[in-house]
1. Taking the range B:96-135, which residues are closer than 19 Å to residue B:260 by Cα and not aliphatic (A, V, I, L, M)?
2. For the range B:140-172, which residues satisfy the criterion of being of a type outside the set (Val, Ile, Thr), under 12 Å from residue B:115 (Cβ atoms) and either at pLDDT 90 or above or surrounded by 13 or more Cβ atoms within 10 Å (Cβ to Cβ) (or both)?
3. If you check residue A:229 against the conditions, is it modelled with pLDDT under 95, part of a helix (DSSP H, G or I) and of a type in the set (D, E, K, R)?
4. Could you please let me know if residue A:24 is surrounded by 14 or more Cβ atoms within 10 Å (Cβ to Cβ) and more than 25 Å from residue B:315 (Cα to Cα)?
5. For the range B:294-332, how many residues are assigned to a loop (DSSP other than H, G, I, E, B) and hydrophobic (A, V, I, L, M, F, W, C)?
6. Would you confirm whether or not the range A:148-159 contains a residue that is among the hydroxyl-bearing types (Ser, Thr, Tyr) and either more than 28 Å from residue A:37 (Cβ to Cβ) or surrounded by fewer than 24 Cβ atoms within 10 Å (Cβ to Cβ) (or both)?
7. Would you say residue A:126 is free of Cβ contacts under 8 Å to residues at least 60 places away in the same chain and either within 12 Å of chain B (Cβ to nearest Cβ) or of a type in the set (Gly, Ala, Ser) (or both)?
8. Any residue at all in the range B:4-14 that's within 25 Å of residue B:326 (Cβ to Cβ), surrounded by 22 or more Cβ atoms within 10 Å (Cβ to Cβ), at pLDDT below 90 and within 11 Å of chain A (Cβ to nearest Cβ)?
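The values are calculated or read from the model by the stated rules, or taken from the named source; none is laboratory data. All figures in this text were calculated on a predicted structure; none of them were measured in a lab. Positions of Cβ are generated from backbone atoms using ideal geometry, with glycine treated the same way; all protein chains shown enter the neighbour counts.
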Amino acid sequence: MEPDNAFAIVLEDVWKIYRIGKTEYPALRGLTLMVRRGEMLSVMGPSGSGKSTLLHIAGTLDRPTRGRVILEGIDISGLDDSRLSEIRNRKIGFVFQAYNLINRLSALENVSLPLAVRGVPLPERRAAALEALRLVGLKDAARKRPLELSGGEQQRVAIARGLVGRPRILLADEPTGNLDSKNAMIIIDILRNINKTLGTTLVIVTHNPEVAERSDRIVRLRDGRVESEVTLHA
Amino acid sequence: MGSTPTPGGVNVVNLIDTLRYALSALRERRGRSILTILGIAVGSGLIISLVSLGEGINTVVTDRLMMLGANNIIVLPAQGSNIQFSDADVQKITRIPGVTVVAPFYLAVAEFQVGGTRVSGRVLGIDPMQLQIIFPGIKILEGDSPTPTSSTQIGVGYKVAFPPAAVTTSRLYVGQPLTIMASTAEGLKTTSFTVTGIYDKFGASVFFDADTAVVMPLPAARRLLGEMRYQAILVNTERVDLVEYIISELEGLYGRNVTVISPSTILSTVRSIIASFTIFLGIIASVSLFVAGLGIMNTMIMSVMERTREIGVLRSIGMTRRDVLFTFLFEAMLTGLIGGLIGVGVGVGLSLGFGNYAGNFFRFGPQFEPIPIRSVITPELLMGTLLFAVLVGSVSGLYPARRAALIDPVKALKTE
């Protein structure tokens, strides 16, 4: 086994069991997964196979019931809310299927938000947000509100928000799920480009085979475990 | 926005970001925000206007009572008692330690013939040398004070000498005769006197309006009223703190035959009544502010529910639970602050307007002029009310903000 620091994400025998009343619903059943630094990984699988749960646990939004999670060499198991939030703020970017932009804020303000949380002064924050918008090709839309933009454009703003803080890891949950194939390809090109030029580790949960084909590796989940995996580019 | 957990664990809160974020959230739900803010504004406006009005009434009553002299005591025959004061009573009271001056006096309702019309007022029969005790600081405007032993000389109040233009255009001059009609023990009597002095404007105290009175020496009053017994005795004491002791001495001398009135004892009673009244008004106003606080809570709970997904986003970009708590708490506090500021403005306006309006009804009796009430608006009241509004906002925001902070980010992000 390679040393931990070669991996951006290590999930070791991770279990996630939801309890409703006395009934247990296991979402992950001893899942083990390692994502190399700079890798672009697609996670596929039928609904209910634990894809989203995996992403939430890797993104520190959720805690495993059992098992170890190591992000960028840090074992996050025992960390408190404030440490986990700091890791999310500095090391992880999220992209969601439904974009999840805040509609009352401009594209620029939405993109700046992670830096505001980090306490970055306004001028630097604006410059970084404009640069992030430039990377997704939306520099001219900085002043627009999300609802003035198309779905594809909104998702590009969301990607800019995800990468504005220069995180080591970008986690995308069905990023093309709400988009037509043309826009889906634009999004996936942008993500691929970020992965290649910035070296950001990228994990994409997707149903879309065209999206998955563009990644380095595809992992298929079933019943909360890795069922199979295919390496496309070494 | 929130804060940065630094390695040392100290949160550097960027208040300006949080303020801008809260303002944008309030603007997004403009209608609801305005209504909520209005509730707070009404509550704090009520506190300011009602409390300042109460304070204003307190000040007016205090001033008027103090015109009568805080260290004075008035001894009157009790209702139903047939006691009649004579010079012997004056001697007796003079012997009480602490008493400086004892001034017996007559008081009667009368009409004065000025020009072609009759002006109504009161006759105060008292030693003119002792008038300063009843009306401290009263000045002669024209002429001289009547001689204490005279039975014909009188001094007239300002409004008797210069009646309002609506009554008559003529005025009285020093040296002129004045015909006075008074109801006496022997029926309605008309007697003529000579004006030797005109008093300057003094104003109304609780018992007498100096400006509508005619002051005459005791012999002159006896000639007018045909009465040998004094109607009341004014007792001036050395110090205010002796008033209570001397009152008890007087009650010891006369028992239930007399009524003893003193401005300072009336004042403490009146003041405590006004104070309870003011507190009562303040409590009512505070209740309305609390209700407005429930409005904030309601609005914030709805807002938290509607913004669940936003909370999920905020958590996903690195906000801690405490940051989320603070963000929503700040929004509630801001609602209280804005409402409080508007309320302070409205309250000040309202209390000034209301004060003038109420002033027209506030008088001691029909023969007195209405007394303008000036609302007393202190910086303490304004600051206190503003702080109270902010506090109500913050406390109301506590529960919704806690709810927001405890929302599971995973569930929040799945919310539609």
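1. B:97, B:98, B:100, B:104, B:105, B:106, B:135
2. B:161, B:162, B:163, B:171, B:172
3. Numbers: modelled with pLDDT under 95: yes; part of a helix (DSSP H, G or I): no; of a type in the set (D, E, K, R): yes.
When the stated conditions are applied, residue A:229 does not pass them.
4. So residue A:24 fails the test.
5. Matching residues across the range B:294-332 total 2.
6. Initially, the range A:148-159 is screened for residues among the hydroxyl-bearing types (Ser, Thr, Tyr), giving A:150.
Checking the rest, the ones that are also either more than 28 Å from residue A:37 (Cβ to Cβ) or surrounded by fewer than 24 Cβ atoms within 10 Å (Cβ to Cβ) (or both) come to A:150.
Yes, that holds for at least one residue.
7. no
8. Checked the range B:4-14: at least one residue is within 25 Å of residue B:326 (Cβ to Cβ), surrounded by 22 or more Cβ atoms within 10 Å (Cβ to Cβ), at pLDDT below 90 and within 11 Å of chain A (Cβ to nearest Cβ).
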